[in-house]
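The values are calculated or read from the model by the stated rules, or taken from the named source; none is laboratory data. Computed from a predicted model, the values in this text were never measured in an experiment. All accessible areas refer to the heavy atoms of the entire protein, side chains included, with ligands and DNA or RNA removed. Shrake-Rupley method; radii C 1.70, N 1.55, O 1.52, S 1.80 Å.
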Amino acid sequence: MTSLLLALALAADDGFRPLFPADGPPLEPKWHLAPPADDEPAAWGAAPTWADGRLYAGLVRKSGNRVVYAVACYDDPPGRPRWVSEVCDAPPPADPRSRHEPLTVAGGNVVVCSHDGVVAAVDGRTGKPAWAFRYPKAARPPGVPSPRDVCPPVADGGRVFVAPADAEFVFALDAETGRLLWQAGPFQVEQLLG
């Protein structure tokens with residue numbers, strides 16, 4: 001399986017062939033990036049986030065019998081990453097569906113929800129760990145997938161709101177420290193979008 005981030009640029013009318021047939025202007029591939037994961041199988045976790053002149057992208061790689069969640073930062077894609085920071089690791093998910101794990105920029109931190117018991121943040125400038133929050137996982141019979149769809153962390157007013165797929169609560173965290181501000185539930189949330 002190949003996983004690439006692809007940037008498209010509007011092409012001038014100078015003979016570029018349209019990438020996708022459409023009524024709009026032709027699109028030209030500008031660059032593409034494979035996940036920075038050496039020899040281990042890896043895939044991008046979701047669409048990247050662009051903030052303060054940097055591209056942040058979450059990736060997931062398999063390391064032995066563990067799944068490692070990481071964040072990569074690029075100053076000028078498609079060059080080498082400025083930094084790659086491992087956020088957490090977990091056993092392979094019991095949920096066979098492919099999940100998307102979008103990132104959120106909150107203040108100076110990049111926040112990722114693993115949907116595997118941990119919400120964590122890294123410093124957006126350095127990639128160094130900023131904080132991590134462990135939450136109680138919901139008891140779910142093996143092989144029963146979560147009904148939740150994409151649930152990225154949502155940032156607003158110095159807070160980060162998360163509804164992890166493996167929990168029955170919505171959590172509000174302090175964006176700078178990861179401290180729990182409040183939690184609500186238990187209930188099922190299908191999507192948390194901001």
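Things worth noting here:
- Accessible area ranking (1.4 Å probe, heavy atoms, ligands and nucleic acids excluded), largest first, for F187, F133: F187, F133.
- When the alpha carbon gyration tensor of the stretch 50-134 is reduced to an equivalent ellipsoid, the three semi-axes, largest first, read 22, 14, 11 Å.
- Each of R54, R134, R159, R125 has its accessible area taken with a 1.4 Å probe; listed largest first, they run R134, R125, R159, R54.
- Heavy-atom accessible surface of R140, to the nearest 10 Å², is about 70 Å², with a 1.4 Å probe and all protein chains retained.
- Anchor K128: lysines whose Cα lies under 18 Å away (excluding residues fewer than 8 positions away in-chain): none
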